[in-house]
Amino acid sequence: MAHIALPEGLPGISGGFAFRPETAKPMRELAHILLHESNSLTPGERELIATYVSSQNDCYFCQTSHGAAAASHLADHDVVRRVKTDFESAPISPKLKALLGIAGKVQRGGKLVTAEDVERARREGASDLEIHDTVLIAAAFCMYNRYVDGLDTWQPRDTGMYAQMGQQLAEHGYLKSSR
């Protein structure tokens, strides 16, 4: 049961968004820009960053919904699982591995990112925009994860619901509710 009276039947972040729509709007817009709008990183790669950070924060709702969105973009559930467990051995580009290394450090604490981490990403072909957006996705998902878990929102275990939500997010983005 959620810590406050959230609307019934709305899982994860959707309950908090329905409770306070005026804060939901900019939070949705930020997620849409970071994960859905045109960028040199593919939407699948950006969803993998969000999924990885959410898994490191142990936020079931976010890692599962964004993992489903990544799998929808990539048509590959196994790569999502492998990124969550050991991204260095996952079948992803060296550039994405370097960016996930940065994202993981941001998740633990922004000051942990070193010049060497950034240089590794640059060596692998990451642009300043890609490094910037990786840091911002990681920081934003720490906020989203803590929002979902701090309110103790309802996080159903129905994998079919998450698959449907992930497909909706992959196709339409974040400006409207996926439920």
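The values are calculated or read from the model by the stated rules, or taken from the named source; none is laboratory data. Fair warning: this is a prediction, and the values are worked out from it, not measured in the lab. Here the Cβ is made from the backbone with ideal geometry for all residues, glycine too, and neighbour counts use every protein chain on show.
Figures for the structure shown
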item	result
Count of residues meeting criterion [touching an Asp or Glu at 6+ places or on another chain (Cβ under 9 Å), farther than 11 Å from Glu45 by Cβ and of a type in the set (Gly, Ala, Ser)] in the stretch 93-115	2
Matching residues in the stretch 125-136 - criterion: being of a type outside the set (Gly, Ala, Ser), closer than 19 Å to Pro94 by Cβ and touching a residue at least 24 places away in the same chain (Cβ under 8 Å)	Leu129, Glu130, Ile131, Asp133, Thr134, Val135
Filter result for Ala98 (among the hydrophobic types (A, V, I, L, M, F, W, C), in contact with a His (Cβ under 7 Å, 6 or more places away or on another chain) and assigned to a helix (DSSP H, G or I))	no
Condition broken by Glu22, with the remaining ones in (1) assigned to a helix (DSSP H, G or I); (2) closer than 16 Å to Leu136 by Cα satisfied	(2)
Qualifying position, being touching a residue at least 12 places away in the same chain (Cβ under 8 Å), of a type in the set (Ser, Thr, Tyr) and over 18 Å from Val148 (Cα atoms), among Ser89, Ser93, Ser54	Ser93
Any hit, the stretch 68-76, residues being part of a helix (DSSP H, G or I), closer than 30 Å to Pro21 by Cα and free of Cβ contacts under 8 Å to residues at least 12 places away in the same chain	no
Residue in the stretch 84-95 that is assigned to a helix (DSSP H, G or I), on the phi < 0 side of the Ramachandran plot and of a type in the set (A, V, I, L, M) present	no
Scan of the stretch 124-179 for residues that are acidic (Asp, Glu), surrounded by 12 or more Cβ atoms within 10 Å (Cβ to Cβ) and assigned to a helix (DSSP H, G or I), ordered by number	Glu130, Asp133, Asp149, Glu171
Unique residue being surrounded by fewer than 18 Cβ atoms within 10 Å (Cβ to Cβ) and of a type in the set (D, E, K, R) when the list is Arg28, Arg46, Arg82	Arg82
Top-ranked residue of the stretch 25-51 - restricted to ones that are part of a helix (DSSP H, G or I) and without any contact (Cβ under 8 Å) to a residue 12 or more places away in the chain, ranked as farthest from Ser89 (Cα to Cα)	Lys25
Members of the stretch 101-120 found to be farther than 26 Å from His77 by Cβ, in a helix (DSSP H, G or I) and either touching a strand residue (DSSP E or B) at 6+ places or on another chain (Cβ under 7 Å) or of a type outside the set (Lys, Arg) (or both), listed by number	Gly110, Leu112, Ala115, Glu116, Asp117, Val118, Glu119
Hey, Leu74 at pLDDT 95 or above, exposed (fewer than 12 other Cβ atoms within 10 Å of the Cβ) and within 21 Å of Asn39 (Cα to Cα) or not	no
